[in-house]
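Each reported figure results from applying straightforward, stated rules to the coordinates on display, with no laboratory input. Computed from a predicted model, the values in this text were never measured in an experiment. Cβ sites come from the backbone with ideal geometry, for glycine too, and all protein chains shown count toward neighbours.
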Amino acid sequence: MTSAPAPALAASGLSKSYGSSPALAGVDFRVDPGDSVAIMGASGSGKTTLLHCLAGIVAPDAGTVVLTTASGSVDVTRLGEAGRSRLRREEFGFVFQQGLLLPELTAVENVALPLMLTGADRRAAEQTAAMWLAALGLAGFESRRIGELSGGQAQRVAIARAQTTGASVVFADEPTGALDSATSAEVMDALIRSTTGRGRSLVVVTHDETVAARCSRVVRLADGRIVDEVASR
């Protein structure tokens with residue numbers, strides 16, 4: 001009898017307060033390899049705080065977050081800032097609502113940047129970046145700056161950037177929030193295809209039920225607690 005694979009990312013008892021206001025109150029969470037989870041809830045429910053704790057952007061007041069990759073497991077919450085920064089560079093990818101791309105850089109330079117920060121040669125990094133841009137339908141757009149792209153194209157650049165280091169878990173915070181419905185569908189197609197379609201895990205914070213329905217599981221938060229969890233497909 002074979003045992004079930006370890007979750008790619010698992011959190012237990014996560015709590016976080018800002019002053020006297022609790023943002024998370026004992027949250028347990030997991031995402032499996034190649035799986036996708038949408039986190040939903042009203043504003044102030046704790047969605048973004050949960051994502052930030054899972055990704056090592058902020059440290060929880062209590063609880064653990066364990067990342068498991070082919071090279072082993074690491075307790076994210078036991079790492080110092082330097083260790084968490086390394087994980088964010090090498091094991092985690094990020095796609096935000098506004099992309100957070102650097103407008104003074106070209107598309108290929110934006111995508112190559114995470115690789116260069118890990119010490120990769122610029123030429124090799126840009127070759128990998130160009131490959132990812134092509135995979136996401138942006139061949140021929142490598143030299144364009146972000147202001148020369150549509151909103152959907154810019155988000156696909158952000159998705160490409162999240163993939164270049166081989167991130168095992170990609171976090172997306174309202175990745176389609178600034179897009180129309182047709183472009184939103186295109187961006188989600190690209191995001192799903194480039195993450196779970198390649199065996200990577202995806203965690204999406206969203207207000208959009210259509211976006212959430214594209215994920216395999218939907219977790220709903222209220223007042224810093226998970227109040228519902230369902231398989232969406």
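Below, the figures for the structure above:
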{"item": "Extended-chain gain in nm, criterion 0.36 nm per residue less alpha-carbon gap, residue 127 and residue 15", "result": "36.1 nm"}
{"item": "Mean residue ellipticity (222 nm) of the chain, computed from DSSP H runs ≥ 4 via -39,500 (n - 2.57), nearest 500", "result": "-9500 deg cm²/dmol"}
{"item": "Point-charge dipole on Cβ atoms (K/R +1, D/E -1) for region 78-170, about Cα centre, debye to 20", "result": "220"}
{"item": "Amide H contacts under 5 Å for residue 173, placed H, 5+ residues apart", "result": "95, 96, 97, 205"}
{"item": "Nearest-20 debye value, the chain charge dipole, Cβ charges on Lys, Arg, Asp, Glu", "result": "340"}
{"item": "Helix axis angle, 81-90 relative to the chain longest principal axis, alpha carbon, degrees", "result": "50"}
{"item": "Debye equation applied to the C-alpha atoms of region 1-87, log10 I(q)/I(0) at 0.22 Å⁻¹", "result": "-1.12"}
{"item": "Tilt relative to the chain, helix 151-163 - C-alpha long axis, 0 to 90 degrees, to 10", "result": "70"}
{"item": "Relative contact order for region 30-90, counting Cα pairs under 8 Å that sit 6 or more residues apart, in percent", "result": "22"}
{"item": "Folded to 0 to 90 degrees: helix 107-117 orientation relative to the chain principal axis, Cα", "result": "60"}
{"item": "Taking all pairs of distinct alpha-carbon atoms in region 78-233, Kirkwood radius in angstrom", "result": "16.1"}
{"item": "Percent of beta bridges antiparallel (DSSP, the chain, rounded to nearest 5)", "result": "55"}
